[in-house]
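Asker: Handing you a structure now.
The values are calculated or read from the model by the stated rules, or taken from the named source; none is laboratory data. Given the structure is predicted, the values throughout are model-derived calculations rather than measurements. Using ideal geometry, Cβ is built from the backbone for each residue, glycine included, and neighbour counts are taken over all protein chains shown.
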Amino acid sequence: MTTSSTKKIDSIITQLTSILEVMESEEKLFENTINTIHPDYQKSARNLVQYQTFRKHDLRRTQKKLRNLGITRFSNAEAHTKASILKALKLLHSLKQDDSYTSKKAGLSIKNGKRLLNKHSKELLGFRSKGRRVRIMVTLPIQAAYDYNMVHNMVKSGMNCVRINCAHDDVFVWERIIKNVKKASKKLGKKIKIAMDLAGPKIRTGAIITGPQVRKFSPKRDDIGNIILPARIILVDILKEDSEKNCLPISKSGMANLNIGDIYHFTDTRNKKRRLKIVELTNNYAVAHCYETSYIATNMVLTASNHEAQPLIIGEIPDVEQAIILKENDVLTITKAPHLGAPAQLDEDGNILKSARISCQLPKVFDYIKSGESILFDDGKIEGEISTVNNDSFEVLITRAKPQGSKLKAEKGMNFPDSELGIHGLTQKDKTDLEFVAKHADIVNFSFVNSPNDVDELLTELKRLNVINKLNIILKIETRAAFYNLPAILLSAMKVKHIGVMIARGDLAIETGWNNIGKIQEEIISICAAAHIPVVWATQVLENLAKKGLPSRSEITDAANSIRAESVMLNKGPYILEVLQLLNVILSDMESLHEKNENMLPKLDRS
């Protein structure tokens with residue numbers, strides 16, 4: 001070996017030895033904290049502290065030197081940081097033919113570091129599917145409470161865990177969903193874990209003035225206006241929450257007197273003469289065709305061509321959901337009091353007489369916001385800057401919206417990425433819902449955790465309910481504060497066993513910036529790998545396919561990248577079964593190429 005090579009190796013040895021000493025010193029500072037950790041996670045906590053110290057150094061030049069020497073570059077060292085450094089030092093001394101070097105004990109071997117993550121994943125998320133390391137979690141819609149076959153097919157298609165969101169529906173619906181999951185699980189011989197999300201202190205827009213009780217029906221026309229398909233209207237005796245938008249309610253007696261071929265005349269809300277024709281009858285509904293655009297309202301009377309037949313009276317139609325149209329440079333007033341929102345009032349020349357307004361459902365934010373800070377609405381679709389703050393309202397200058405205007409509706413999320421809102425912990429609704437979760441679920445998903453104190457509050461509630469170490473915990477990382485505090489949050493959570501992290505990429509991207517989310521999700525995965533804590537890859541996975549039945553190329557790539565996590569979460573949609581089946585195939589195929597962070601090298605398949 002040349003003198004030059006020896007000097008290079010010596011410089012690497014000096015640097016790594018120095019890092020190792022700092023690592024051991026830092027570990028001693030955390031000794032009291034580590035002593036509070038659950039025995040199942042004590043080695044993991046030490047490794048997390050070691051990894052945090054390790055990452056305080058810029059090792060890129062050293063990594064290149066190690067690569068040139070054919071030695072590990074620490075690119076997959078998260079789960080066994082100290083062992084990897086010691087292994088590198090041993091190899092470097094071997095290259096120098098230094099037989100006097102004696103390696104220290106790592107306390108956690110490379111093999112056992114990997115095993116711990118697998119063990120914790122199984123304990124938290126249950127058994128994996130054959131041929132697939134990554135579990136699939138599916139958010140179940142309300143239909144799962146009433147459609148057992150849907151749940152059965154999901155379990156059969158590879159679902160490992162279900163998610164029920166406590167922000168929606170109620171105890172009655174949750175119980176029915178859980179009953180169907182357990183029935184399908186038993187019938188198919190699979191243990192499906194049940195996870196329930198606490199809603200958390202979500203900041204949303206308030207109610208908007210109601211629109212008219214009317215529905216619009218239009219035939220489909222070609223480019224020159226000829227009718228291709230008539231408007232299809234479904235007549236039912238009861239309009240349900242999940243009824244399609246083309247349904248109209250009429251009385252049971254009216255339904256009983258319908259006949260195929262009957263024609264009914266009416267005057268719509270614009271005073272236009274219109275008619276519809278009955279073309280299909282079943283036991284539960286009737287189908288009518290309408291050949292001209294019609295606006296049909298509650299209590300509207302439809303008269304039969306056969307005057308002996310009784311007229312049809314349209315029943316209660318839900319109010320049209322209103323929206324506020326916002327364009328760049330518009331001003332929106334946010335009110336503390338729950339006043340009904342309303343669009344801007346304009347004069348006949350289009351000048352604004354009164355700006356648009358909407359309330360904020362969490363008045364506490366008024367105590368923390370400042371002028372000049374950013375605000376985003378509806379998952380970042382609309383962006384603005386807070387211009388003026390008053391005691392009972394604040395004004396927002398809209399800085400980004402669609403050129404033709406963006407719609408802002410009630411119950412849409414509001415994010416304040418620049419503001420320290422002081423919002424944390426469990427809401428009263430969360431505490432009430434947690435009692436149900438503790439009795440019926442395997443996992444609680446803790447929303448909007450921002451600090452170790454939030455975790456301590458949850459653990460206090462779990463102790464009160466006598467489910468500590470019985471109810472598993474997944475911490476949802478969805479704010480900038482949660483990301484910055486992640487190591488401390490994990491050390492607080494590791495006082496108990498069976499914990500995980502969910503990367504809520506939607507809110508997190510809004511909070512930290514779309515340009516940063518790629519880097520941030522990589523950092524979260526690395527930090528959790530160091531703590532041997534399973535990660536759930538969530539938000540908008542194959543969303544296009546779930547909603548429209550056709551995936552985009554970018555979301556296929558995103559789904560393939562989720563192989564780095566321990567679980568992938570799917571959201572609901574009309575094509576959710578197809579999404580589940582496709583994701584099962586993608587993850588199974590990727591399994592042969594990747595094991596966690598490591599590229600595998602199977603024989604190239606060119607057949």
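Asker: Would you mind telling me which numbered condition in (1) under 30 Å from LEU66 (Cα atoms); (2) assigned by TED's automatic domain parsing to the domain that holds ALA531; (3) not hydrophobic (A, V, I, L, M, F, W, C) GLY126 fails?
Answerer: Evaluating GLY126 over (1) under 30 Å from LEU66 (Cα atoms); (2) assigned by TED's automatic domain parsing to the domain that holds ALA531; (3) not hydrophobic (A, V, I, L, M, F, W, C) leaves (1) as the failure.
Asker: Something else now. Answer with yes or no whether ASP454 is outside any strand (DSSP E or B), over 25 Å from ILE369 (Cβ atoms) and among the charged types (D, E, K, R).
Answerer: For ASP454, the condition - outside any strand (DSSP E or B), over 25 Å from ILE369 (Cβ atoms) and among the charged types (D, E, K, R) - is not met.
Asker: Of LYS114, LYS105, which residue is charged (D, E, K, R) and part of a helix (DSSP H, G or I)?
Answerer: Matching residue, one of LYS114, LYS105: LYS114.
Asker: Over 19 Å from the mean Cα position of the chain (by Cα) and of a type in the set (A, V, I, L, M): does that describe VAL444?
Answerer: no
Asker: Also: Is at least one residue of segment 330-342 surrounded by fewer than 12 Cβ atoms within 10 Å (Cβ to Cβ) and assigned by TED's automatic domain parsing to the domain that holds ASP367?
Answerer: Yes - at least one qualifying residue is present in segment 330-342.
Asker: Collect the residues in segment 458-491 that are touching a Gly at 6+ places or on another chain (Cβ under 9 Å) and surrounded by fewer than 18 Cβ atoms within 10 Å (Cβ to Cβ), keeping them in residue-number order.
Answerer: Correct list: empty.
Asker: Exactly one condition in (1) in a strand (DSSP E or B); (2) without any contact (Cβ under 8 Å) to a residue 24 or more places away in the chain; (3) surrounded by fewer than 15 Cβ atoms within 10 Å (Cβ to Cβ) is not met by GLU383; state its number.
Answerer: Unmet condition: (3).
Asker: In addition: Out of LYS429, LYS439, I need the residue that is surrounded by fewer than 17 Cβ atoms within 10 Å (Cβ to Cβ), modelled with pLDDT under 95 and assigned to a helix (DSSP H, G or I). Which one?
Answerer: LYS429
Asker: In addition: Identify the single condition in (1) small (Gly, Ala, Ser); (2) under 24 Å from ASP433 (Cα atoms); (3) in contact with a strand residue (DSSP E or B) (Cβ under 8 Å, 6 or more places away or on another chain) that ALA145 does not satisfy, given that it satisfies every other one.
Answerer: The number of the failed condition is (3).
Asker: Being among the charged types (D, E, K, R) and in contact (Cβ under 8 Å) with a residue 60 or more places away in the chain is the filter here, so list the residues in segment 527-569 that pass it.
Answerer: Selection gives GLU566 alone.
Asker: Anything in segment 127-151 that is surrounded by fewer than 20 Cβ atoms within 10 Å (Cβ to Cβ) and small (Gly, Ala, Ser)? List them, or say none.
Answerer: Once the filter is applied, which keeps residues that are surrounded by fewer than 20 Cβ atoms within 10 Å (Cβ to Cβ) and small (Gly, Ala, Ser), segment 127-151 yields SER129, GLY131.
Asker: If SER75 satisfies every condition in (1) under 26 Å from HIS498 (Cα atoms); (2) under 34 Å from the mean Cα position of the chain (by Cα); (3) modelled with pLDDT under 90 but one, which is the exception?
Answerer: (1)
Asker: Only one residue in SER109, SER25 is farther than 23 Å from LYS495 by Cβ and surrounded by fewer than 13 Cβ atoms within 10 Å (Cβ to Cβ). Which one?
Answerer: Just one listed residue meets the conditions, SER25.
Asker: Is it the case that some residue within segment 537-544 is in the same structural domain as ILE194 (by TED's automatic domain parsing) and closer than 27 Å to HIS80 by Cα?
Answerer: Yes: one or more hits.
Asker: Quick one: what pairs do we get from segment 322-345, first residue more than 18 Å from ILE203 (Cα to Cα) and in contact (Cβ under 8 Å) with a residue 60 or more places away in the chain, second of a type in the set (Ser, Thr, Tyr) and outside any loop (DSSP other than H, G, I, E, B), C-beta under 6 Å, 6+ apart or different chains?
Answerer: The qualifying pairs are LEU326/SER406.
Asker: Taking the condition touching a helix residue (DSSP H, G or I) at 6+ places or on another chain (Cβ under 7 Å), modelled with pLDDT of 90 or more and closer than 23 Å to SER526 by Cα, does VAL134 pass?
Answerer: Yes: the conditions hold for VAL134.
Conditions (1) modelled with pLDDT of 90 or more; (2) at positive phi, marked per residue:
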site: THR512; (1), (2): no, no
site: ILE524; (1), (2): yes, no
site: HIS532; (1), (2): yes, yes
site: VAL535; (1), (2): yes, no
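Asker: Are there any pairs, at least 6 apart or on different chains, whose C-beta atoms fall under 7 Å, with the first in segment 109-137 and without any contact (Cβ under 8 Å) to a residue 12 or more places away in the chain and the second of a type outside the set (Ser, Thr, Tyr), and if so, which?
Answerer: none
Asker: Ok, one more. Residues of segment 524-557 being within 30 Å of TYR41 (Cβ to Cβ) and assigned to a helix (DSSP H, G or I), which ones?
Answerer: ILE524, ILE525, SER526, ILE527, CYS528, ALA529, ALA530 - these are the residues of segment 524-557 that are within 30 Å of TYR41 (Cβ to Cβ) and assigned to a helix (DSSP H, G or I).
Asker: Is it true that some residue in segment 501-510 is surrounded by fewer than 19 Cβ atoms within 10 Å (Cβ to Cβ) and touching a helix residue (DSSP H, G or I) at 6+ places or on another chain (Cβ under 7 Å)?
Answerer: Checked against the condition, which is being surrounded by fewer than 19 Cβ atoms within 10 Å (Cβ to Cβ) and touching a helix residue (DSSP H, G or I) at 6+ places or on another chain (Cβ under 7 Å), segment 501-510 yields no hits at all.
Asker: Looking only at residues that are outside any loop (DSSP other than H, G, I, E, B) and touching a residue at least 60 places away in the same chain (Cβ under 8 Å) in segment 511-523, which one is surrounded by the fewest Cβ atoms within 10 Å (Cβ to Cβ)?
Answerer: THR512
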